[in-house]
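J.: What follows is a single structure, and I will ask about it in a moment.
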Amino acid sequence: MSDPFQFEGRVAVITGAASGFGRAFAQQAAALGMKLVLADVDAATLDAAVQAIREQGAQAIGVRTDVRDPAQVDALAQAAIEAYGKVHLLFNNAGVGTGGFLWESSAKDWEWVFGVNVMGVANGVRSFAPIMLKQGERAHIVNTASVAGLLSPPAMGVYNASKHAVVSLTETLYHDLKNVSDVVSCSLLCPAFVPTGIANAERSRPDDLRNDAPPTRSQQAADLQLQRAVRSGRLTPDDVAKATFDAVRDARFYILTHPGILASVKLRHEDIETLRNPTDPLSLKPEVKAEAKANAAS
Ligand SMILES: NC(=O)c1ccc[n+]([C@@H]2O[C@H](COP(=O)([O-])OP(=O)(O)OC[C@H]3O[C@@H](n4cnc5c(N)ncnc54)[C@H](O)[C@@H]3O)[C@@H](O)[C@H]2O)c1
């Protein structure tokens, strides 16, 4: 895979395409001359995203998809093939999150977050990788994890665990693909905080998985912390999309848009290698740590 990936005229499928990174991937793909299949659980914002991409001059269809549901992801793949005949680039990007102490996270929190973040990615791989392998042409899968897949900050346990699963799933996918194909590969996107709709993920929680109990103090504090962190992110979704397409072009696996976090990743790895008890990833950010403690106590 030494030749750069060619985007022009190829087909991209994006989940979580109606907002944030997904929408930025769509704009970048359209600018590169790709044909697009946009998928999201939110039909209204999905329609607006498809319209915007068409106005940009690209071919695009929208397929309302809940990535938690294997049958809906199969139907998405079928719709892509019916529309354009092939799929060359898949972004398993849809994601949601909850916060608060682990023991206060409800069974519904686990089911929802793992349903979208883990099973959504698994469904995408299961539905699309066989199509890509059968095509025998250059194709690529990008799975959106997070720095929360490389670190375990406090009060984000359900999200951390889901993103660690995406990291492991995608590293394994890389090896599996390499064992059978010279033309199909994958990348792992691990961004830190970027201003998108992620801090307002509750908007897409299905009614049957809404919590009956009001949020606990730790959940309220984690929510406040997330709102602030996401708002203060310096990179834009466009910056993340650009870095991602550069990595796909060059067949690079790890996409770390915020290299500053590597110091914390290294500390974590040193903890494991030296059997030292886990270092709090926020210890390198004392101001964030102090704020988190103050929020949780107030
Ligand atoms: N923004 C950040 O700071 C940040 C950092 C690291 C990782 N991420 C990850 O980036 C990805 C994209 O999130 P974003 O930040 O653009 O947030 P966002 O909320 O702006 O976009 C997420 C999109 O996913 C859609 N979605 C939610 N549930 C879905 C489902 N069941 N099926 C299909 N679509 C669904 C939403 O409707 C929304 O359009 C997520 O996986 C998120 O965990 C975000």
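What follows is calculated from the coordinates using simple rules that are stated; it is not laboratory data. Bear in mind that the values here come from a model prediction, so they are computed numbers and not experimental data. So basically every Cβ, Gly included, is an ideal-geometry build from the backbone, and we count neighbours across all protein chains shown.
J.: With respect to the cross-link table entries K108/K163; K108/K266; K35/K134; K163/K285, which display a Cα-Cα separation exceeding 25 Å?
T.: The answer is K108/K266.
J.: Okay, moving on. First measure r as the distance between the Cβ atoms of R54 and Q227, then evaluate 1/(1 + (r/R0)^6) with R0 = 41 Å and state the FRET efficiency to the nearest 0.05.
T.: 0.80
J.: Also, I was wondering about something else. Rank-order 204-217, 177-190 by packing density, defined as the average count of other C-beta atoms within 10 Å over each peptide's residues, highest first.
T.: The packing order, highest mean first, is 177-190, 204-217.
J.: Follow-up. Which FRET efficiency, nearest 0.05, do T172 and L262 yield, Cβ-Cβ r, R0 22 Å?
T.: That gives a FRET efficiency of 0.50.
J.: Then there is this: Would you please put 7-13, 154-160, 103-109 in order of how densely packed they are, using the mean number of other Cβ atoms within 10 angstrom per residue and starting with the highest?
T.: Averaged packing, sorted descending, gives the order 154-160, 7-13, 103-109.
J.: Also, quick follow-up: Hey, how much of the P(r) for the stretch 107-192 falls beyond 19 Å, as a percent of Cα pairs?
T.: Roughly 40 percent, once rounded to a whole number.
J.: With each label point set 7 Å from Cα along the Cα-Cβ vector, what nm distance links A83 and D250?
T.: Here the modelled spin labels are 3.1 nm apart.
J.: Apply the Karplus parameterisation 6.51 cos²θ - 1.76 cosθ + 1.60, with θ equal to phi minus 60°, to every residue of the stretch 46-61 and state each ³J(HN,Hα) to the nearest whole Hz, in sequence, with x for glycine and proline.
T.: For the stretch 46-61, the Karplus-derived couplings read 5, 4, 4, 5, 4, 4, 4, 5, 5, 5, 6, x, 9, 7, 8, 10 Hz, x marking Gly and Pro.
J.: Related question: Indicate the gyration tensor shape class of the stretch 97-141 (rounded, prolate or oblate), computed on the Cα atoms with a ≥ b ≥ c the square roots of the eigenvalues: a/c under 1.5 is rounded; otherwise a/b larger than b/c is prolate and the rest oblate.
T.: Since a/c reaches 1.5 and a/b is larger than b/c, the shape of the stretch 97-141 is classed as prolate.
J.: In Å, the Kirkwood hydrodynamic radius of the stretch 152-298 over pairs of distinct alpha carbons?
T.: Radius from the Kirkwood sum: 17.7 Å.
J.: A follow-up question, please. Give the separation of the Cα centroids, the stretch 178-212 to the stretch 56-79, in Å.
T.: Taking the Cα centre of each part, the stretch 178-212 and the stretch 56-79 sit 15 Å apart.
J.: Out of L133, S218, S187, whose Cα points farthest toward the positive end of the dipole of the stretch 11-261 (charges: +1 Lys, Arg; -1 Asp, Glu; placed on Cβ)?
T.: Of the options given, the answer is S187.
J.: Ok, one more. For the chain, place one equal point scatterer on every Cα, skip the solvent, and apply the Debye formula. What is log10 of I(q)/I(0) at q = 0.14 Å⁻¹?
T.: Rounded to two decimals, the profile gives -1.03.
J.: Place a +1 charge on the Cβ of each Lys and Arg in the chain and a -1 charge on the Cβ of each Asp and Glu, then give the dipole magnitude about the Cα centre in debye, rounded to the nearest 20.
T.: That gives a dipole near 400 debye.
J.: K134 versus H269, label points 7 Å from Cα toward the beta carbon: distance in nm?
T.: Result: 3.9 nm between the two label points.
J.: Can you give the log10 of the normalised intensity I(q)/I(0) at q = 0.14, 0.19, 0.26, 0.31 Å⁻¹, computed with Debye over equal Cα scatterers of the stretch 6-47?
T.: Values returned for q = 0.14, 0.19, 0.26, 0.31 Å⁻¹ are -0.27, -0.48, -0.81, -1.02.
J.: Whole percent per 5 Å bin, from 0 to the bin with the longest distance: what is P(r) over all C-alpha pairs of the stretch 1-118?
T.: Once binned at 5 Å, the Cα pair distances of the stretch 1-118 give 2, 12, 21, 22, 16, 11, 8, 4, 3, 1.
J.: Another question, if that's okay. For each of M132, M119, count neighbouring Cβ atoms within 10 Å of the residue's Cβ, then give the residues from fewest to most.
T.: With the sparsest Cβ surroundings first, the list reads M119, M132.
J.: Which value in Å does the Kirkwood hydrodynamic radius of the stretch 53-107 take, with 1/r averaged over all unlike C-alpha pairs and then inverted?
T.: For the stretch 53-107, inverting the mean 1/r across all distinct Cα pairs yields 14.2 Å.
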